[in-house]
Structures are given as structure tokens and as C-alpha cells.
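Comments concern the structure below.
Nothing in this text is a laboratory measurement; each read-out follows from the coordinates by a stated rule. Please read these numbers as outputs of a predicted model, since none were measured by experiment. In this analysis, Cβ positions are derived from the backbone assuming ideal geometry, glycine residues included, and neighbour counts consider all displayed protein chains.
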Amino acid sequence: MVQLPKIIQGGMGVGVSNWRLAQAVSKLGQLGVVSGTALDQLFVRRLADGDIGGYMKRGVDAFPFPDMARRIWQEYFVPGGKAEDAPYPNVPMHQKASPRKLVELCMVSNFVEVFLAKDGHKNPVGINFLEKVQMPHLASIYGAMLAGVGYVLMGAGIPLHIPGVLDAFAAHHIAEYKLQVTGAVVGQDTQMHLDASEYTEGILPMLQRPKFLAIVSSNTLATTMLRRASGRVNGLVIETPTAGGHNAPPRGKLQLNASGEPMYGERDHVNIEELRALGVPFWLAGGYGNAEKLREAVEQGAAGIQVGTAFAFSRESGMRADLKQKLMEQAKVGAGVVFTDPLASPTGFPFKVAQVEGTSSAFPIYQERKRVCDLGYLREAYVSGENSVGYRCAAEPVANYLSKGGKVEDTVGRKCLCNALMANVGHAQTRKDGAVEPPLVTVGDDLNTIASFLAPGENSYGAADVVASLMSGLQVESEVERVLLATA
């Protein structure tokens, strides 16, 4: 019988859940997860900085298609790193049919991240994608599978088509994925395709089908995934509105509280008894980052919990050290504030934002930022002209958005999450006028609990400290059971 993890480390941000963090957690017997969001762009920026430590080169050297790996390395590696004030190189934005070079970059970058996370141990590693970031999915998933990823997790939407993609790649079939295109009519081709045989060098490698975990926010979505998905769903992560990153919108009409945050009601609560009746493993997420909550989840029939915020502030995570320090100081005195912004994300989903000086959460700073959309991961595909597909983002320059049929009201309060999340992990873009992209930190509502993982006199903690703390309640119960059995 396969042992399921009690703890799933959340796949956070762009590069917050990096290979170091996932490796550390998986080595401890829990499920370490890398974030698959914008890995191609992150990989390019690591190479532009000179591949500090040589880790990317190790991953590239292990890639099974050496000619492809060599092309990517020669294209993007900067020996010694770029000048500090020089901009990072531009990478083409994804489309329904992306250019071959971009597809190859996705394959290599996802392979490298998973390969490094798996290095030095034999435990499974997962990768997390956002359903909203659709266009890179096929190439990214194939690259991760080449590295032997054990789990694929996906939320921020309803990922009905992903299980079938995993099945297709494992069987060496052409994988298809339906792109959501606003305004598409019946019969219009919105399918994306990837035939791996067009990219592989030599015999197609054997691939294991990873387990698929859907991240959902309600019993209705859980049931929908199990009934309508294109292949097997191996488990569910049930994420409440207190979790960081993108939150599911409240069911029913959107209402805001006095602070301007979305209000969630009874319809947004999850019925645990109904979850158990579905017959698949499930993990609870959003405010479950302590030993008591893990014990409570297991007692309710869950396989365990998913935890993000606690791991985001561990030494191994990719979040910038200065941002960790600022928020840790707030948490120590219970002063951390997290705002569920109904407007920040171009996707229209509520987005959790930590309030910290010097970041995009300080509105005057962001107001001064010139609108630019040059990464494009959260762009919306829409029908442009007769049967053609265009791309727009509510955070791009307003005139551009309106020229593509967008509504001006949809641009209000939107922020460029793509560039901000890159800045969170030390890869902020420098503009021609010298402006540097500001960060924007997303964490869960339980931000102030991170100080509880600090040992006396310490200012930081590691992933192992988080795992030990979370597991302590279960370990105490196991010890009590052992003693009772020994004395019976």
C-alpha cells in the first residue's frame, strides 16, 4: 500500500516553492512541491544571472535530449551574469500555438526544477500549476514528466482536461488541451496539441503517469472533477478562502465587507462528511498550518493537510530575504496584515496580498508604475476577427486593452502579478528608464503564526522545523498508543 503524505507543501508564487524547498520537504517523507508557474521565465533569469552555484547546468546536463538542452543553454546563459542594472532578456509570450523555441524552453526548465527537487533522495516530488495559466501547460507538464514528477497539482480554475493530458503523455500519444477562449463559438478550434515525438531525440523515453490532485474550494467542484475529468483524479486538495494566492470567488453575488474584501458565506463552506463519501484521498488547506489542525484533519478522515505560508518563510524558500524579514518582524508582534484584494489579479479571482512597505501593496508605489504587459502568463485568450485568437490582459496599458474589446471597468485596480511575483524572488525586471519592478507578496491569512516556528533567540527557521512542528501532535498520539499497547 502506497503511503500518502500527511503534509503537502504548497506550490507558491513564481519560484517561492523552488527546488530547494521541495527537496527539503520530500527528503523528510512529506510531499515537496515546486511551483510550475512561469518556470521558463524564471529559468532564463537564473541563467542571465550566471547560474549562481551551477545548479541549472547540472539539471540541463541531465536532460534526455542533449541537442535541445544545448540550444537553450547557448541562447540564454550569460557567463559571470549580466550587469546588475541591465534588463533581463525578453522571452516570447505564450500563444495557443507557441514557437518551437518557447516549447523547448518550457520542457527544459520544468525538467530542471523537478530534477533538482528529486536529487539526493527517492521520495516523490510534485509540481503545481494554475489552471488560469493555460498556454504553457502541455510543454511544461511533459518536461516535468521527463524528470519523473510524482504528483501534478492544479487549482485556480477547474482543471478537467489535465488528467487526460497525463494519460496521453504516459502512453506516447498526442496530448490535447482545450484553451478557454472568450467569445468562441461551437465548432471553433480552441484545442492545443503537443506531439512529443516532434521534439524527442531518438527513442521516446518511458514515462510514469504522475498522480493528479485537483485543488478545489467546494463540494460541488470536488464532485465535478471526479465525474467529468478526462482521466483519473487521484485526490483532492480542499482550499478555503483563507489560503494565499488566488482564492475562488464567493458563490453567488459578490459582496464586499467594510474593508473592501469579498465576503464568504455558508455556501462557501465545505462539508467534510460529503468529501469522505467521494472515496478519494483529500487534504485540507487554508489556515491548517499547525499541529492541532493536522490532527483535526486526520480525525475527520483527511489524508492530511496542505501548508503554504509556513514554508514560504522557511530558509529554503525562494522569497527574497528582505521580504521574509520584514514580514517576520510584523508577525512577531502580531501586526501582519493580509488583504484579500478583489481587483488585483487580471484573472478576476480574489488575490491575497500581504501589506508591506516597499511593495505593490503600497498603492502609491504601484500607481507610479507604468503599465506594461511583457510576460503575459495571465492574459485572456479571446476571439479576434474571424476564427482567430487574440490575447489581452486587464493589467496592460488601458488603451491597448480597450482596443482589443476589453471593458475599461475591468482595468481598475489591476496589478501586473507576473512581474511582481518575479520581483518577490529576486528577479525584478529593470526598465529602460531605470525603474525596477516592485514585488507583491501573497500569503495566507495565518501570516502572524509564522513566528511560532522560530526557536528561542532565532530569527529564521527551516523546512524541517515546520515539518517537525506540524507532525508533533500525531507523534505524541502515536507514542501514547505505543505505551498503552505495551502496558495492556
Rounded to two decimals, what is the ratio between the C-alpha radius of gyration of the chain and 2.2 N^0.38 Å? 0.95
With a cut-off of 8 Å between alpha carbons and a minimum separation of six or more residues, what is the relative contact order of the range 294-388 in percent? 13
Could you give the nm distance between label points at Q208 and L343, where each point is 7 Å from its Cα heading toward the beta carbon? 4.8
Label-point separation (nm) for N257 and V333, each offset 7 Å from Cα along Cα-to-Cβ? 2.3
For K122, go through the aspartates and glutamates and keep the ones whose alpha-carbon is under 16 Å away, minus same-chain ones fewer than eight residues off. E113
For the pair R232 and Q300, what calculated FRET efficiency results from E = 1/(1 + (r/R0)^6), where r is the Cβ-Cβ distance and R0 = 25 Å, to the nearest 0.05? 0.55
When Lys and Arg each count +1 and Asp and Glu each count -1, what net charge do the other residues less than 13 Å away from T449, Cβ to Cβ, add up to? -1
Two-site label geometry, E266 and S460: point separation in nm, points 7 Å out along Cα→Cβ: 4.8
Fewest-first ranking of W73, W283, using other Cβ atoms within 10 Å as the exposure measure: W73, W283
For the range 365-469, what ratio Rg/Rh do Cα atoms give with a Kirkwood hydrodynamic radius? 1.15
Extension gain, V186 back to E198 (0.36 nm per residue minus Cα-Cα distance, nm): 1.4 nm
Can you compute the helix-only [θ] at 222 nm over the chain? Use -39500 (n - 2.57) per DSSP H run of at least 4 residues, normalise by all residues, nearest 500 deg cm²/dmol. -9500 deg cm²/dmol
Mind checking the full-extension length gain between I52 and A468? Use 0.36 nm per residue of separation minus the Cα-Cα distance, one decimal, nm. 146.7 nm
Which of the lysines could a cross-linker bridge to K82, judged by Cα under 19 Å and excluding same-chain residues fewer than eight apart? K57, K432
Short version: ³J(HN,Hα) in whole Hz for each residue of the range 265-280, in order, from phi by Karplus 6.51 cos²θ - 1.76 cosθ + 1.60 (θ = phi - 60°), x for Gly and Pro, what are they? x, 4, 5, 9, 7, 9, 8, 5, 4, 5, 5, 4, 5, 6, x, 10
Sequence-separation-based contact order of the chain, relative, with Cα cut under 8 Å and 6+ spacing, percent: 16
Counting other C-beta atoms within 10 Å, which of T442, T190 has the fewest, and how do the rest follow? T190, T442
Net length gained if the chain between D85 and H172 were fully extended (0.36 nm per residue, minus Cα distance): 26.8 nm
